[in-house]
1. If r is the Cβ-Cβ distance from Glu288 to Phe64 and R0 is 56 Å, what FRET efficiency results, to the nearest 0.05?
2. Within 15 Å, Cβ to Cβ, of Leu324, how many net charges do the neighbouring residues add up to if Lys/Arg are +1 and Asp/Glu are -1?
3. Give me the accessible area of Val207, 1.4 Å probe, in Å² rounded to the nearest 10.
4. Calculate, for Trp320 and Asp252, the FRET efficiency according to 1/(1 + (r/R0)^6) with r their C-beta to C-beta distance and R0 22 Å; round to the nearest 0.05.
5. Label-point separation (nm) for Glu244 and Asp264, each offset 7 Å from Cα along Cα-to-Cβ?
6. If you find the alpha carbon centre of region 119-187 and of region 220-259, how far apart are they in angstrom?
7. Only Cα pairs within less than 10 Å get springs; with that Gaussian network setup on the chain, which residue of Tyr146, Tyr54, Tyr168 has the largest fluctuation?
8. List residues of region 174-200, by number, whose backbone nitrogen lies under 13 Å from a label position 7 Å along Cα→C-beta of Lys14.
Amino acid sequence: MIEKLEKKNLKLAKWWQLTKNNKILCTLCPRYCTIGEGQAGFCFIRQNIGGKLYSIGYGRPTGFAIDPIEKKPLNHFYPGTQILSFGTAGCNLGCKFCQNWSISKAKLDNTNSLEASPEDVVALAKKYHVPSIAFTYNDPVIFGEYVIDISKLARQEGIKTVMVTAGYIDKEARKEVYQFIDAANVDLKAFTETFYHKLTFSHLEPVLDTLKWLKNETDVWFEITTLLIPQENDSPDEIKSMCEWILKNLGDSVPLHFTAFHPDFKMRDKERTPPSTLRMARNIALSEGIKYCYTGNIHDIDGQTTYCSNCKKELIVRDWHSILKYKMKDGKCIYCGNIIEGRFV
């Protein structure tokens, strides 16, 4: 593997330092992997080659797709538009319930990866006339160097960029990774440390810290998604506690998405999330005071509709990822003039 990689034009990674025993400490995410010669970090795509850390996923996406932006999901970021989506191999979390495990748990030597420079990615977006690019499928934190170069170039070309992420990133690294990012959807996977530790092999607090940082120190538009898993993170008490934290720390205007789990990867013994659970969670969020809450991965027109937070009229009616009705102008409700938080055409 190393000999094969050394023949390529590898990208020297950011965010690392040598340790006293000549290993590499990766400082990109709170996992802080210590990596020996020839080894890769937990994410698979940050590798110690000759005493230096390389991002071996740089320029090597696993494939591209053009999606509705609502699929990310983002309901308040240019709704109705399309977005060019891609990821790489690897991930810095170990979610037992991963819905994209064939990509996120793959290594570059056992997945079909392409070659695409940042210029190629932006040119592809321009070719298909899509206004945004999404870093998604696996967690884009692990290919942060690639994210920076693409998002910088995209901004110069007037193209928006979106992070679809678990928010598990070091405090210093995130300043650079998000420098040119326009929007994010952050997976808040649960609201207990037990869940994060046992089912994702990570920790809750760094994710909460990233959410607060996005709100207080950036202009990035962001929304939150929680995949509700039966008997794991779907209790009314946990959902209520999470909503209370969001209101206290992020405010009432951050859109919240509750999505349905299906059995996959290492959690095939669970049932699918009943639609009633998602509707229960949405009702809790709305009753607590969150303005915009949505359901996903089920057919639920009411749960996917954007309502005016003032007059309660239907403004954006969605059927899955298709928009059936759009009653906004200049980011405002056409009925009462109320401003709807987000980024709108």
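The values are calculated or read from the model by the stated rules, or taken from the named source; none is laboratory data. This structure is a prediction, so every number in the text was calculated from the model and none was measured. Heads up, the Cβs are rebuilt from the backbone with ideal geometry, glycines too, and the neighbour counts pull from every protein chain shown. Ligands, DNA and RNA are excluded from the accessible area calculation, which covers all protein heavy atoms including side chains. Shrake-Rupley method; radii C 1.70, N 1.55, O 1.52, S 1.80 Å.
1. Working: r = 39 Å, r/R0 = 0.69.
After rounding to 0.05, the efficiency reads 0.90.
2. Cβ neighbours under 15 Å give a net charge of -1.
3. 0
4. With R0 = 22 Å, the Cβ-Cβ based efficiency is 0.25.
5. In this crude spin-label approximation the distance works out to 3.2 nm.
6. A separation of 24 Å, based on Cα centres.
7. Tyr54
8. Answer for region 174-200: 174-181.
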